[in-house]
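These notes are about the structure you will find just below.
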Amino acid sequence: MDLSNLKPAAGSTHKVKRIGRGQGSGKGGTSTRGHKGAKSRSGFKSKIGFEGGQMPLQRRLPKFGFKNINRIEYKAINVGMLQELAEKNNLTMIDKDVLIQAGLMSKNDLLKILGDGTLTTKLEVKADAFSAKAVEAIEAVGGTVVKL
């Protein structure tokens, strides 16, 4: 095998449809574009969502709701999950780096600890936010809460 006898796999390439090369080609005249109308002209570009003059879907449906620009989105992790992590990896301190390595959050997420589940290990927990129940649960077993 050398460069002179390389070929693409059978069926992987197609012949190019040559249009607008005269009547004898069978694809001359209107060049497969039909007769008249905007779509037959060169440079035609339809607007996104245009439905041929019918009122488009995005204008038929009502607007509703709003987006709060001051909303802060947190990645929520429960106290029960912290307990599992601490037991599995033999930890006394849990922060963002530990949770990122465990695959529970990404480095750009803000972390909030919630109070679901039970905690039996004394832990030092560092996070951006805590629920009142989570703080209660962590401090009940002698742990400490550090708000970043």
I want to check the label-to-label distance for residue 69 and residue 116. Put each point 7 Å from Cα in the C-beta direction and report it in nm to one decimal. 3.3
Cα to Cα, under 19 Å, and not fewer than 8 places away if on the same chain: which lysines meet these conditions relative to residue 7? 15
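Ranked from highest to lowest mean number of other Cβ atoms within 10 Å per residue, what is the order of the peptides 73-83, 48-58? Mind showing how you got there, number by number?
Values: 73-83: 18.0, 48-58: 9.2.
Result, highest mean first: 73-83, 48-58.
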What is the diffusion coefficient of the range 72-112 in µm²/s, taking the Kirkwood radius over Cα pairs and the Stokes-Einstein relation at 37 °C with a viscosity of 0.692 mPa s? 312
Shape of the range 10-148 from its Cα gyration tensor (a ≥ b ≥ c, root eigenvalues): rounded if a/c is under 1.5, otherwise prolate when a/b > b/c, or oblate? prolate
Rh by Kirkwood over Cα pairs, then Stokes-Einstein D for the range 23-90 at 0.692 mPa s and 37 °C, µm²/s: 170
How far, in degrees from 0 to 90, does helix 79-89 lean away from the longest principal axis of the Cα atoms of the chain, to the nearest 10? 90
Potential lengthening between residue 45 and residue 140 on full extension [0.36 nm per residue; Cα-Cα distance subtracted]: 27.6 nm
Sorted by chain and number, the residues with a modelled amide H under 5 Å from that of residue 110, at a separation of 5 or more or across chains, are 75
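How large is the helix-only mean residue ellipticity at 222 nm for the chain, computed as the sum of -39500 (n - 2.57) over DSSP H runs with n ≥ 4, divided by its residue count, in deg cm²/dmol to the nearest 500? Before the final figure, lay out each step's value.
Values: 4 runs with 30 residues, N = 148.
About -5500 deg cm²/dmol.
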Would you please classify the overall shape of the range 74-147 from the alpha carbon gyration tensor, given that a ≥ b ≥ c denote the square roots of the eigenvalues, rounded means a/c under 1.5, and beyond that prolate means a/b larger than b/c while oblate covers the rest? oblate
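Just check the range 1-43 against the gyration tensor rule for me: Cα atoms, a ≥ b ≥ c as the square roots of the eigenvalues, rounded for a/c under 1.5, and otherwise prolate or oblate depending on whether a/b exceeds b/c.
Values: a/c = 4.16, a/b = 2.84, b/c = 1.46.
Since a/c reaches 1.5 and a/b is larger than b/c, the shape of the range 1-43 is classed as prolate.
I'd like to compare 8-17, 93-102: which one has the highest average count of other Cβ atoms within 10 Å, and what's the full order after that?
Working: 8-17: 6.7, 93-102: 16.2.
Ranked by mean Cβ neighbours within 10 Å, highest first: 93-102, 8-17.
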Long-range amide H partners of residue 124, meaning residues 5 or more apart or on another chain whose placed amide H is closer than 5 Å, are 93, 94, 144
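FYI, it's all coordinate maths here, none of it is from the lab. From a predicted model like this one, the values you see are computed outputs, not experimental measurements. Neighbour counts are summed over all protein chains in view; Cβ atoms, including those assigned to glycine, are modelled from backbone coordinates with ideal geometry.
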